[in-house]
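J.: What follows is a single structure, and I will ask about it in a moment.
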Amino acid sequence: MTHSLRIRLILAIIAGMVLLLTVFSLTVYMLIRRALVNQFDEALLSTARILAASVEIDVNTIDLEDVQNMPEFNEPQHQTYYQIREQDGTVVAQSPFLGTENLPLLKTSLNNVVFKTLTRRDRPERAVGLKFLPRSEIGTENSSQPAATEKPPKTDKDKILSLTVARSTGDLYNQLGLLRWLLFTASVVVIALSVLIAAFIVQRGLRPLRSIAAEIAAIREDDLANRIGTASIPTEIMPIKNRLNDLLSRLEGAFNRERRFTADVAHELRNPLAGIRSTIEVNLTRTRDAAEYRSALSECLEIVENMQTMVNNLLLLARLDAKQISFQDEQVRPAEIVNSCWQPFAEKATKRKISFDNRIDHQITFETDRQYLSIILSNVLENAVEYADEGGQIRTSARRKQDSVQIEISNTGCQLTTEQTAQVFDCFWRGDSSRKDAGVHCGLGLALVDRIIKALGGSITAEVENTGTFKIHLNMPAK
Amino acid sequence: MRLLVIEDYRPLQQSLKKGLHEAGFAVDFTGDGEEGLWYALNNDYDVIILDLMLPGIDGLKILKELRAKGRQSHVLILTAKDTLQDRITGLDQGADDYLVKPFEFKELLARVRALLRRSYRRKNPQIKIRDLRVDLTAQRVWRGRKELDLTPREYALLEYLAMRAGEPVSRMDIWEHVYEFKSAASSNVVDVYIGYLRKKIERSGKPLLIHTLRGRGYLLGWQR
């Protein structure tokens with residue numbers, strides 16, 4: 001089957017037309033043929049009846065005087081023949097043109113007639129057979145009525161004659177042949193015309209598809225802001241147009257996010273690179289003592305360490321997006337993991353007089369990937385230490401539910417608005433006013449946490465209370 | 001020459017501080033946008049080096065505010081934003097130069113020097129006053145054929161006077177443009193350094209170069 005909609009539609013239309021015209025032509029032909037044959041038979045029968053009525057019998061001789069005056073039988077162009085037989089089959093009279101030939105004796109009863117199609121001397125003929133009681137010259141006058149309507153007296157039974165009248169159907173078949181030819185030619189012409197019309201209609205009908213195709217072709221991957229769709233789109237194609245536009249919107253969004261992400265990555269890498277480069281260049285401008293070099297080197301090392309963390313985070317993000325991470329589930333105790341994740345930040349918290357309160361019940365256990373749960377908790381705790389106010393408080397708690405574990409980590413001193421809170425999981429987003437430590441925290445931590453949680457089949461939300469308490473809710477699936 | 005650096009990335013801030021200071025500039029630093037704007041509005045800086053992505057207030061807003069308030073300081077945008085549109089926007093908002101991170105420190109210095117020459121309407125990087133020659137690029141000074149050995153501070157003072165050669169320069173101007181904002185204020189310091197400088201550049205039998213104008217400050221070159 002071809003894949004061209006245009007060719008398929010045209011073929012379907014032609015097939016439909018052929019079928020329709022064939023049925024129509026056949027029906028018309030059959031009806032006309034039957035009417036013509038009926039008409040022919042009627043004429044043949046009336047000729048036969050007139051003939052039968054014209055036959056007179058006088059004792060034993062048949063008087064055919066009237067018959068001889070009937071032009072049908074006397075002029076050869078009528079091609080009509082008759083033959084009258086007695087009951088025993090003896091031919092008593094026949095057309096002068098019949099010569100030595102016989103017409104078939106058609107079996108029928110007195111009141112009935114029978115038609116038959118026959119071929120004589122390779123010419124088609126139609127014959128009618130009937131039985132009649134010929135008019136007797138001494139009989140009653142009403143025997144002039146057609147024999148079939150009169151009940152013959154029993155004694156006259158011997159006088160019953162069989163008549164066969166045959167007429168050439170050449171003309172009838174010529175007419176039917178002409179009709180066939182007319183119908184066939186008309187059908188062919190109509191089908192040929194319908195091919196043209198169908199091609200034209202299909203061509204026109206598919207024009208919106210071509211114009212949409214042209215519009216789609218005009219959309220370039222570096223400029224996805226365009227949308228398909230002018231006013232002249234038919235309603236049938238509307239859903240396709242709408243879906244395509246939806247797809248374009250999603251693609252544009254994804255491209256823009258990707259572009260912004262790349263720009264952000266470039267920006268976040270440029271800053272530390274600029275830091276390293278200018279630190280090295282400035283220190284190379286003159287000869288310095290060892291302590292100064294050492295300090296420059298450790299400064300560069302610190303920048304490199306931060307860059308390394310960032311690159312690792314980026315790599316992890318990319319792998320999470322590409323679903324290249326496999327998790328190994330094991331029984332974990334969140335209270336313990338929180339405590340071990342807290343260790344690296346304890347000193348900084350003490351320095352800033354931030355208190356830490358781990359309220360997670362030690363009885364709670366569930367199955368998850370220990371390593372990635374640690375990454376999640378470390379990032380969230382680091383964030384909490386970073387943004388808690390001096391002398392503030394960090395608190396963790398957890399609840400075991402039927403098939404999940406909910407962990408909550410909160411810190412005081414949050415200055416974010418509710419709108420800003422919605423952005424904390426975006427890559428490279430930092431609460432602007434809290435960007436004190438530029439370059440040290442590049443804003444990937446919570447974005448990473450968000451992706452890991454989702455990959456683990458859980459969810460994460462953030463909220464800020466009026467009191468300035470920032471809360472992270474982790475919802476982890478647990479068997 | 002006095003510079004203001006508004007840059008929030010601490011390691012870069014540190015190296016800029018060191019490098020610019022060693023290049024003989026009086027430099028003020030801040031990592032905060034609001035503070036930077038305050039500094040820029042309340043001091044007459046020769047060049048402001050401005051990062052765009054800052055906490056508190058965006059770099060472009062600082063620039064807009066400065067220009068709206070009629071400040072003439074030359075501004076060099078130093079940023080990681082590198083697209084053409086970023087550069088065009090920065091320059092069109094009133095910046096005088098645009099440098100993308102990471103950058104070569106020598107290039108930053110050269111661009112700052114170029115902006116300084118523009119500030120004082122000087123095309124020639126060598127300034128000649130009679131037989132005194134100041135090479136602004138190499139930061140070297142000659143009197144006649146003899147090169148003079150000046151300390152960075154003495155050079156900075158001479159450079160400022162040379163940029164404004166032929167016009168009276170007040171002690172206040174010298175204080176503001178040559179000495180760092182955070183060092184202790186004392187009008188005496190200027191006089192002391194003028195004294196040091198005189199000792200090194202004046203020669204007996206040759207015309208006097210640094211003139212004291214009563215109540216108006218100092219003047220390098222010819223007195224009009």
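J.: Hey, among the residues in region A:284-322 that are closer than 19 Å to A:PHE425 by Cα and exposed (fewer than 12 other Cβ atoms within 10 Å of the Cβ), which one's farthest from the other protein chains (Cβ to nearest Cβ)?
T.: Our first condition is that a residue be closer than 19 Å to A:PHE425 by Cα; within region A:284-322, this holds for A:309-322.
From what is left, the residues that are exposed (fewer than 12 other Cβ atoms within 10 Å of the Cβ) are A:315, A:318, A:321-322.
Working: A:LEU315: 21, A:ALA318: 21, A:ASP321: 24, A:ALA322: 27 Å.
Top of the filtered list is A:ALA322.
J.: Inside region B:43-59, can you point out the residues that are more than 14 Å from chain A (Cβ to nearest Cβ) and either part of a loop (DSSP other than H, G, I, E, B) or farther than 27 Å from B:ALA156 by Cα (or both)?
T.: Listed by number, the residues that qualify are B:ASN43, B:ASP44, B:TYR45, B:ASP46.
J.: Within the set of pairs 6+ apart or on separate chains, which have a first residue in region B:40-57 that is within 17 Å of B:ARG118 (Cβ to Cβ) and in the same structural domain as B:THR89 (by TED's automatic domain parsing), a second that is part of a loop (DSSP other than H, G, I, E, B) and at pLDDT below 90, and C-beta atoms under 6 Å apart?
T.: Close Cβ pairs (under 6 Å, with a partner that is part of a loop (DSSP other than H, G, I, E, B) and at pLDDT below 90) amount to B:ASP46/B:MET1.
J.: Residue check, B:LEU109 against (1) without any contact (Cβ under 8 Å) to a residue 24 or more places away in the chain; (2) aliphatic (A, V, I, L, M); (3) assigned to a helix (DSSP H, G or I), all met but one. Which one?
T.: (1)
J.: Inspect all residues belonging to region A:270-282 and state whether any of them is within 52 Å of the chain's Cα centre (by Cα) and either more than 28 Å from A:GLY445 (Cβ to Cβ) or not assigned by TED's automatic domain parsing to the domain that holds A:TRP429 (or both).
T.: First pass over region A:270-282, keeping only residues within 52 Å of the chain's Cα centre (by Cα): A:270.
Then keep just the ones that are either more than 28 Å from A:GLY445 (Cβ to Cβ) or not assigned by TED's automatic domain parsing to the domain that holds A:TRP429 (or both); that gives A:270.
Yes: region A:270-282 contains one or more residues that are within 52 Å of the chain's Cα centre (by Cα) and either more than 28 Å from A:GLY445 (Cβ to Cβ) or not assigned by TED's automatic domain parsing to the domain that holds A:TRP429 (or both).
J.: Please identify the pairs in which a residue from region A:1-29 that is surrounded by 13 or more Cβ atoms within 10 Å (Cβ to Cβ) has its Cβ atom under 9 Å from the Cβ atom of a residue that is among the basic types (Lys, Arg), counting only partners at least 6 apart or on another chain.
T.: Going by the 9 Å Cβ cut-off, the qualifying pairs are A:SER25/A:ARG180; A:TYR29/A:ARG180.
J.: Assuming A:ILE240 fulfils every condition listed in (1) more than 30 Å from A:PHE24 (Cα to Cα); (2) surrounded by fewer than 12 Cβ atoms within 10 Å (Cβ to Cβ) apart from one, which condition is it?
T.: Checking A:ILE240 against (1) more than 30 Å from A:PHE24 (Cα to Cα); (2) surrounded by fewer than 12 Cβ atoms within 10 Å (Cβ to Cβ), the one that fails is (2).
J.: Across region A:283-323, what is the number of residues that are of a type in the set (Asp, Glu), more than 17 Å from A:THR262 (Cβ to Cβ) and touching a residue at least 12 places away in the same chain (Cβ under 8 Å)?
T.: Taking region A:283-323 as the starting set, the residues that turn out to be of a type in the set (Asp, Glu) are A:289, A:292, A:299, A:302, A:305, A:321.
Subset that is more than 17 Å from A:THR262 (Cβ to Cβ): A:289, A:292, A:299, A:302, A:305.
Then drop every residue that is not touching a residue at least 12 places away in the same chain (Cβ under 8 Å), which leaves A:299.
So the answer is 1.
J.: Right, another one. Among (1) closer than 12 Å to A:LYS131 by Cα; (2) in a loop (DSSP other than H, G, I, E, B); (3) not aromatic (Phe, Trp, Tyr), there is one condition A:PRO104 misses while meeting the rest; what is its number?
T.: So A:PRO104 meets the others, but not (1).
J.: Looking only at region A:7-46, count how many residues are touching a Leu at 6+ places or on another chain (Cβ under 6 Å) and among the basic types (Lys, Arg).
T.: Result for region A:7-46: 1.
J.: If B:LEU84 satisfies every condition in (1) within 9 Å of chain A (Cβ to nearest Cβ); (2) without any contact (Cβ under 8 Å) to a residue 24 or more places away in the chain; (3) among the aliphatic types (A, V, I, L, M) but one, which is the exception?
T.: Answer for B:LEU84: the failing condition is (1).
J.: Enumerate the pairs (first residue in region B:140-153 and farther than 17 Å from B:PRO207 by Cβ; second residue anywhere and surrounded by 13 or more Cβ atoms within 10 Å (Cβ to Cβ) and polar (S, T, N, Q)) with beta-carbon separation below 9 Å, excluding pairs fewer than 6 apart on the same chain, so at least 6 apart or on different chains.
T.: Hits for this filter: B:LEU150/B:GLN139; B:PRO152/B:GLN139.
J.: Here is a follow-up. Filter region A:243-280 for residues that are more than 23 Å from A:CYS427 (Cα to Cα), within 14 Å of chain B (Cβ to nearest Cβ) and surrounded by fewer than 18 Cβ atoms within 10 Å (Cβ to Cβ) and give the result.
T.: A:ILE280
J.: Can you tell me which residue is nearest to the other protein chains (Cβ to nearest Cβ) among those in region B:19-42 that are buried (at least 21 other Cβ atoms within 10 Å of the Cβ) and in a helix (DSSP H, G or I)?
T.: Filtering region B:19-42 for residues that are buried (at least 21 other Cβ atoms within 10 Å of the Cβ) and in a helix (DSSP H, G or I), the one nearest to the other protein chains (Cβ to nearest Cβ) comes out as B:GLY19.
J.: Filter region B:77-93 down to the residues that are polar (S, T, N, Q) and assigned to a helix (DSSP H, G or I), then identify the one that is nearest to B:LEU50 (Cα to Cα).
T.: B:THR89
J.: Oh, and also: With the requirement that a residue be facing chain A (nearest Cβ under 9 Å) and not in a loop (DSSP other than H, G, I, E, B), what does region B:1-16 give you?
T.: B:ARG10, B:PRO11, B:LEU12, B:GLN13, B:GLN14, B:SER15, B:LEU16
J.: Looking only at region B:159-180, decide whether some residue is within 14 Å of chain A (Cβ to nearest Cβ), under 25 Å from B:GLN72 (Cβ atoms) and in a helix (DSSP H, G or I). Break it down into steps so the answer makes sense when it comes.
T.: Within region B:159-180, the first condition is being within 14 Å of chain A (Cβ to nearest Cβ), and the residues that meet it are none.
Among the residues of region B:159-180, not one is within 14 Å of chain A (Cβ to nearest Cβ), under 25 Å from B:GLN72 (Cβ atoms) and in a helix (DSSP H, G or I), which makes the answer no.
J.: Determine whether A:SER397 is at pLDDT 90 or above and among the small types (Gly, Ala, Ser). First the steps, then the outcome.
T.: Details: at pLDDT 90 or above: yes; among the small types (Gly, Ala, Ser): yes.
It is true that A:SER397 is at pLDDT 90 or above and among the small types (Gly, Ala, Ser).
The values are calculated or read from the model by the stated rules, or taken from the named source; none is laboratory data. These numbers come from a predicted model, not from an experiment. We place every Cβ from the backbone using ideal geometry, glycine too, and count neighbours over all the protein chains shown.
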